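Reading through the structure tokens given below for one structure.
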């Protein structure tokens with residue numbers, strides 16, 4: 001089997017109100033050491049569009065936009081074995097300590113999952129009736145072939161908590 005891969009530390013601060021969770025970074029993201037580093041992934045385009053911010057490739061500026069709008073970012077999986085970038089190839093996964101993170105950052109009011117794998121994992125980790133609302137959003141991955149406009153429309157749910 002493949003070597004183990006690990007997720008990144010969370011991007012979060014005491015002002016964060018919304019936690020966005022993916023599954024675990026793909027190959028390109030791991031190479032770049034950046035969340036959603038694949039150029040075809042629509043995550044950053046969606047975030048910038050939601051908040052009417054001028055799009056940038058600069059990762060530090062991207063993180064600043066997340067913090068400006070009180071968004072936190074992490075993954076449901078701490079580490080796993082995986083060939084390539086497909087969630088369906090994930091094996092022997094270890095969960096991130098999401099309940100502990102939420103205790104440490106009590107201002108989080110809602111959790112949004114970027115795709116089905118992170119949503120299923122989150123429900124396993126926290127249970128279906130957790131005290132903070134959890135929402136499934138369409139994956140921003142290029143493999144999820146819903147149009148950008150449809151993804152953006154669904155992602156607008158985040159604005160209700162800003």
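Coordinate-derived values only; no laboratory data. Since the model is a prediction, treat every value here as computed from it, not as a measurement. Every residue, glycine among them, receives a Cβ derived from its backbone with ideal geometry; neighbour counts consider all protein chains shown.
Quick notes on this structure:
- Within segment 35-52, considering residues that are under 18 Å from residue 13 (Cβ atoms) and crowded, with 16+ Cβ neighbours inside 10 Å, the one farthest from the chain's Cα centre (by Cα): 47
- Of all residues in segment 122-136 being in contact with a helix residue (DSSP H, G or I) (Cβ under 9 Å, 6 or more places away or on another chain) and part of a helix (DSSP H, G or I), the one that is farthest from residue 82 (Cα to Cα): 126
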